[in-house]
Each structure stands twice: as C-alpha cells, then as structure tokens.
Amino acid sequence: LAIFDRTSRSLTLLSSPTPTILGQQFLELTSVAVTASGEIFVADAQQGKVFGLDREGNLLLTIGKTGSVIYPSAIAVDSIRRIVYIADKHAHAVRIFTTNGDWVRDITVAGENKRLAAPAGVALAVDGSCFVLDERSRRVHVYSQEGEYLRSFRIATDIPGETTQPSGIAVDSDGHIYISDVFNNTIIILGKNGEYLQRLGRTADPREGFWSPGGLFIDNRDFIY
C-alpha cells in the first residue's frame, strides 16, 4: 500500500496491516478508501478481509475475521455516517459495516428478485445513495442510504453492440457516473439515469490514453483519480 503525502512530498510503503505483527503480510490488495478523519480501509481479497489502519499503518480493526467477507473487490466509505461498503464479488453481495467493524446489513437484490451477479465496484453519491457495478451483468444498480433497491441500467456506450469489461465506478458531485472499461482501455461517462455522455482516454495517445484502467475515485473537487 503506497501513501503519497502531497503536503510533505513523502512516500510511505506498507506491506502488512501493522509493522508490529510479524508474518501478517498483504496478499492481494484490491481497493482502498479513506475517511475524512484519516482512517484507511484497505481490502485484501485473498485473505477475505478489510483492514482499518491509521496513517502509520497501525492496525485499528479487521472486518472479515469470522468469514463474513469472502472476496472484497472494492470498498467505499461514508465519512458522515461512518459506514463502510464492501463489494464482495464471490458472495454476490455488498456488505455494509460501521467504521468500528459492526455489521449493518447486506445488499443482495439486483431488482426483480434477482441477486447481484458479481459486484466489482461500489461508489457513493453526495446524497448518500449507493451505486454498485455488477461486472458479470454489465449493469449498475442503485440503492438508497437504507439499502433499498431503486433502479438498474445497462452500461451504455456510443458504439452499438460494443463489448465492455467494467472494472471500477465513481460518481461526481453532479451525479455523473464514471466506469472504467478494461477491455476498451477507456473511462465511460454516463448521466444520472445511465444515458451515455462521453468517454475519456484514447489508446493511441501516450498522455491521455489508458491501459487496463481499474479502480476510480473522485474527490470533493471533482478531480478524477
């Protein structure tokens, strides 16, 4: 886990949940999220755990110690309500915990009594609604703060019949939805209701092109990472 501090222009590398536990190494890091107060949550898919760390890498808590998480592929944090959303691809669910590690609820329904196929990404809008990227069905499912299913839509592009392989998802302050497409090396931008708007990235362009873009994050200034 690499932590870049832009203020001090420093770099910290963490290879384990805490330097004080010998032999407890990260194995397959898939996602990271940070609360407004600086707590770091990092998902380790191979271990089936999400670790809560401080800025020095000291272990604060572990989610998934009792097998409650199988394969955490993405995480998002609601700093105001202090809630952690974990997209658990192999469990076909989004697990919801407090930032203290207490289980809140699971999201498993994808509309019309269908279950989530393979949730690979999760993002939160400014109103607290939750957007879940379903990798297998190539759909986005939207839920309220309380976990109530609201709507779903397929990932649209400007090319009819185009094959996509969605990987990451993020939502900006206006509700636009950004989806990374590993297959086409691009970022697809959709409107609030799933309508195609535009795409970012051109494979042939060395400065603006992407190569297998994975996770996405949009900060409070609407900067896209």
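Just a yes or no: is a residue in the stretch 179-186 under 18 Å from ALA76 (Cβ atoms) and open to solvent by 20 Å² or more (accessible area, probe 1.4 Å)?
Restricting attention to the stretch 179-186, the residues satisfying the condition of being under 18 Å from ALA76 (Cβ atoms) are 179-180.
With the extra rule that they be open to solvent by 20 Å² or more (accessible area, probe 1.4 Å), the set shrinks to none.
So far as the stretch 179-186 goes, no, none of its residues is under 18 Å from ALA76 (Cβ atoms) and open to solvent by 20 Å² or more (accessible area, probe 1.4 Å).
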**Prompt:** Are any residues in the stretch 207-223 under 14 Å from GLY168 (Cβ atoms) and open to solvent by less than 80 Å² (accessible area, probe 1.4 Å), and if so, which ones?
**Reply:** PHE210, SER212, PRO213, GLY214, GLY215, LEU216, ILE218
**Request:** Return a yes/no flag: does the stretch 135-158 have any residue that is open to solvent by 80 Å² or more (accessible area, probe 1.4 Å) and at pLDDT below 90.
**Result:** yes
**Asked** Restricted to the stretch 80-121, and to residues that are of a type in the set (Gly, Ala, Ser) and within 22 Å of ALA36 (Cα to Cα), which residue is farthest from the chain's Cα centre (by Cα)?
**Response** GLY101
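Looking at the stretch 186-193, is at least one residue over 22 Å from VAL126 (Cβ atoms) and among the basic types (Lys, Arg)? Don't jump to the end; show me each part of the working.
Going residue by residue through the stretch 186-193, those that are over 22 Å from VAL126 (Cβ atoms) are 186.
If we keep only those that are among the basic types (Lys, Arg) too, we end up with none.
Among the residues of the stretch 186-193, not one is over 22 Å from VAL126 (Cβ atoms) and among the basic types (Lys, Arg), which makes the answer no.
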**Item:** So VAL122, is it outside any loop (DSSP other than H, G, I, E, B) and surrounded by 20 or more Cβ atoms within 10 Å (Cβ to Cβ)
**Value:** yes
**Asked** Would you pick out the residues in the stretch 138-152 that are free of Cβ contacts under 8 Å to residues at least 60 places away in the same chain and within 18 Å of the chain's Cα centre (by Cα)?
**Response** ARG138, ARG139, VAL140, HIS141, VAL142, TYR143, SER144, GLY147, SER152
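The values are calculated or read from the model by the stated rules, or taken from the named source; none is laboratory data. Given the structure is predicted, the values throughout are model-derived calculations rather than measurements. Cβ sites come from the backbone with ideal geometry, for glycine too, and all protein chains shown count toward neighbours. These accessible areas exclude ligands, DNA and RNA; they are computed on the full protein's heavy atoms, side chains included. Shrake-Rupley method; radii C 1.70, N 1.55, O 1.52, S 1.80 Å.
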